[in-house]
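J.: This is the structure, below, for whatever I ask next.
The values are calculated or read from the model by the stated rules, or taken from the named source; none is laboratory data. Predicted model, so just to flag it, every value in this text is computed and none were measured. Using ideal geometry, Cβ is built from the backbone for each residue, glycine included, and neighbour counts are taken over all protein chains shown. To get the accessible areas, we keep the full protein, side chains included, count just its heavy atoms, and leave off ligands, DNA and RNA. Shrake-Rupley method; radii C 1.70, N 1.55, O 1.52, S 1.80 Å.
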Amino acid sequence: MESVVSSTQEMAKQADQTSLQAFLAERQTSGYGKKARSFYSPSETGLYLSVLLPNIEKGEMNKAGLFTTGLADQIANLLEEYYPEKKLGVKWVNDVMLDDAKVGGILVEAQIQGNSVSWIVGVGLNLCTADFPDDIDRTVGSLDSKKIIDRNKLAADLIKTIWHLKSTYQSGDFLSDYRKRLVLTGKTVTLKLAQENITGIVKGINNDGQLLIELDNGEIETFNEGEVIKVQY
């Protein structure tokens, strides 16, 4: 475990891609999530982890969305073991939510090194951070600002969870639980795509982890990428 790094994701990208490895830091100066958005990573109050999963088969590359969906659900399950008084939700595809606040983010990036393809799984968790920058203070939160847990044990359990899911995610056994946790179901959302924004009512996810949105014309469209930028409660 390093004390301060720019990003555990960048550490993993620079490593040999042929073996399972994990990278942890006490603090990140340039931690990031989806769309390279900055992830606030102060010392002592969070957990910042990247796991390098080697030898990804070509047939798995188009299943990254399903894998990420499974990660969100399984990590939420694990966190509830540490915080049994909390009930966590998920926001498609990769945010762990407590009430209306984001308490954790998950990022899966593909890395190609020669003929080797790997997935790098980044996990950032706000465990007991009490104060956040003004620009994100209204949208993020902590699991419990007063509870101190064994971060080393949680990190070890996260690595085990990620590694186990790598072997089992294609079964989709987690989908039922993910659907129960999905905080967007039935809500009108705006989904930001590369070229346009889509607004409609979330109907859930399909068996590939893709988001289902009912448009104004009554048609239901499927999306495997994009970012929910607005939720009407």
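J.: May I ask what percent, to the nearest 5, of DSSP beta bridges between residues of the range 1-62 are antiparallel?
T.: Working: 6 of 9 bridges.
Percent antiparallel among DSSP bridges in the range 1-62 is about 65.
J.: Quote the convex hull volume per residue of the chain, based on C-alpha atoms, as a whole number of Å³.
T.: Taking the convex hull of the Cα positions in the chain, it is 129 Å³ per residue.
J.: Among N55, N207, L154, whose Cα sits farthest toward the positive end of the charge dipole of the chain (+1 at Cβ of Lys/Arg, -1 at Cβ of Asp/Glu, about the Cα centre)?
T.: So the residue furthest toward the plus end is L154.
J.: Would you work out the charge dipole size for the chain about its Cα centre, treating the Cβ of every Lys and Arg as +1 and the Cβ of every Asp and Glu as -1, and quote it to the nearest 20 debye?
T.: Working: 25 positive and 32 negative charges, 32 e Å.
Dipole about the Cα centre, nearest 20: 160 debye.
J.: In deg cm²/dmol, rounded to 500, what helix-only [θ] at 222 nm does the chain give when every DSSP H run of at least 4 residues adds -39500 (n - 2.57) and the total is split over its residues? Before the final figure, lay out each step's value.
T.: Details: 4 runs with 50 residues, N = 233.
So the calculated ellipticity at 222 nm is -6500 deg cm²/dmol.
J.: Straight-line reach only, C-alpha to C-alpha below 18 angstrom: list the lysines that K35 could link to, leaving out same-chain residues fewer than 8 apart.
T.: Of all the lysines, those that pass the test against K35 - Cα under 18 Å, at least 8 places apart if same chain - are K13, K91, K102, K192, K230.
J.: So how exposed is I136, as accessible area in Å² (1.4 Å probe, rounded to 10)?
T.: 50 Å²
J.: With just the Cα atoms defining each centre, how far is the range 65-104 from the range 201-233? Give it in Å.
T.: So the two Cα centres are separated by 19 Å.
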